[in-house]
Amino acid sequence: MFDVKNPAYVKGNNLIEGKSVLITAAAGAGIGFSAAKRAVEEGCRAIVISDVHEGRLEKSVAELQELTGKDNVFGKLCNVKALIAFAEDKLQGVDILINNAGLGTSKALIEMEDSEWDKVIQVTLYGTMRMTREMMRVMKDRGQGGVIVNNASVLGWRAQKEQAHYAAAKAGVMALTRCAALEAAEFNVRINAVAPSIAMHPMLRKSAPAELLAELESKEAFGRAAEVWEVANVMLFLASDLSSYLTGEVISTSSQRA
């Protein structure tokens, strides 16, 4: 019998065979690294991952290179224009961009300073906008189409205490995805987003109280958080030709009860 608490890892099926991929915030053990690993397993020809932590980035690049057995994995510290220029050069053109960078904290709105609000909005919304905007420019000029996948959150739809800044940022990512997709469709670029509820990984366990995580997991239909690779699977579906008619969509990757 299938055990919903221990889903079996899904093997790759060459969903993006021959495609090149750029992923932000992809070092470590979260959704970004899992998306990079899945991209390799799904047959990408080359990949660039980016992060703000140099040591962690180098370790993640080495791990992915070992997985592929090839020198087709590259790392670059975050800087929007420099990162995209680097990826365009190393990959001979970026086919798929996955915007994974985001920042969340917990703070009641009446206790929140402008600086904390601004930091979350800057990283989560402005960072996604800047990467999307620059990649749209590059893909338009190249004239060969492409795909952008953004990481939103169910908090863009749903309310949670002490998350006004993060929820506002993720709702902005959703709106950005929808509007940018209409513009990008004119030059054959698709833009979609995933909206996870809770995906468990070591960094999340360190940054959030165990009681809160247990409460959030209890609200899921399966009684557990998603594995990060389960969210990455949906990202790779949106990046692949299997979703060729989808653009401007936000796919909920949660099992929360209606």
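The values are calculated or read from the model by the stated rules, or taken from the named source; none is laboratory data. Since this is a predicted model, take the numbers as computed values, not measurements. Because the Cβ atoms are built from the backbone with ideal geometry, glycine has one as well, and the counts that use them run over all protein chains shown.
Among the listed residues A8, A62, A27, identify the single one that is of a type outside the set (V, I, T) and closer than 19 Å to N151 by Cα. Walk me through it before giving the result.
Working: A8 fails: closer than 19 Å to N151 by Cα; A62 fails: closer than 19 Å to N151 by Cα.
Step by step, each of A8, A62, A27 is checked, and only A27 is of a type outside the set (V, I, T) and closer than 19 Å to N151 by Cα.
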message: Within the range 242-256, does at least one residue satisfy the condition of being out of contact with any Gly (no Cβ under 6 Å at 6 or more places or on another chain) and in a helix (DSSP H, G or I)?
response: yes
task: For the range 222-258, name all the residues that are over 20 Å from A26 (Cα atoms) and either of a type in the set (S, T, N, Q) or at pLDDT below 85 (or both).
output: S243, S244, T247, S252, S254, S255, Q256, R257, A258
task: Can you work out which of the residues in the range 12-30 that are closer than 24 Å to E134 by Cβ and among the aliphatic types (A, V, I, L, M) is farthest from the chain's Cα centre (by Cα)?
output: I16
- request: Among what's in the range 173-221 and is modelled with pLDDT of 90 or more and of a type in the set (K, R), pick the residue that is surrounded by the fewest Cβ atoms within 10 Å (Cβ to Cβ).
  value: R178
message: I'm checking my understanding of the structure. Among residues of the range 167-193 that are among the basic types (K, R) and in contact with a Leu (Cβ under 9 Å, 6 or more places away or on another chain), which one is nearest to K19 (Cα to Cα)?
response: R190
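Within the range 141-148, is even one residue in contact with a strand residue (DSSP E or B) (Cβ under 8 Å, 6 or more places away or on another chain) and surrounded by fewer than 20 Cβ atoms within 10 Å (Cβ to Cβ)? Break it down stepwise before answering.
Here is the first cut: in the range 141-148, the ones in contact with a strand residue (DSSP E or B) (Cβ under 8 Å, 6 or more places away or on another chain) are 145-148.
Still in the running and surrounded by fewer than 20 Cβ atoms within 10 Å (Cβ to Cβ): 145.
Yes.
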- line: Here the residues within the range 64-94 that are under 19 Å from the mean Cα position of the chain (by Cα), loosely packed, with under 15 Cβ neighbours inside 10 Å and not aliphatic (A, V, I, L, M) are N79, K81
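Take the range 221-241 and flag every residue that is aromatic (F, W, Y) and outside any helix (DSSP H, G or I).
Restricting attention to the range 221-241, the residues satisfying the condition of being aromatic (F, W, Y) are 222, 229, 237.
Passing the criteria: only F222.
So that you can scan it fast, the table gives a plain yes or no per residue for (1) closer than 21 Å to N192 by Cα; (2) at pLDDT 95 or above; (3) in contact with a strand residue (DSSP E or B) (Cβ under 9 Å, 6 or more places away or on another chain):
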position	(1), (2), (3)
D3	no, no, no
I23	yes, yes, yes
A26	yes, no, yes
R45	no, yes, yes
T68	no, no, yes
G75	no, yes, yes
I84	yes, yes, yes
I98	yes, yes, yes
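Would you list the helices (runs of 4 or more DSSP H) that sit entirely within the range 143-220 and hold 1 or more residues that are aromatic (F, W, Y)?
Here the list reads 164-184.
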- request: Can you tell me which residue among V10, V61, V48 is of a type in the set (V, I, T), out of contact with any His (no Cβ under 9 Å at 6 or more places or on another chain) and crowded, with 22+ Cβ neighbours inside 10 Å?
  value: V48
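Please go through the range 13-25 and give me each residue that is loosely packed, with under 14 Cβ neighbours inside 10 Å and among the polar types (S, T, N, Q), ordered by number. It would help to see each step written out before you state the result.
Step one: list which residues in the range 13-25 are loosely packed, with under 14 Cβ neighbours inside 10 Å, which gives 13-14, 17-18.
Passing the criteria: N13, N14.
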message: Looking at the range 152-166, can you tell me whether even one residue there is surrounded by fewer than 13 Cβ atoms within 10 Å (Cβ to Cβ), out of contact with any Gly (no Cβ under 6 Å at 6 or more places or on another chain) and over 18 Å from I23 (Cα atoms)?
response: yes
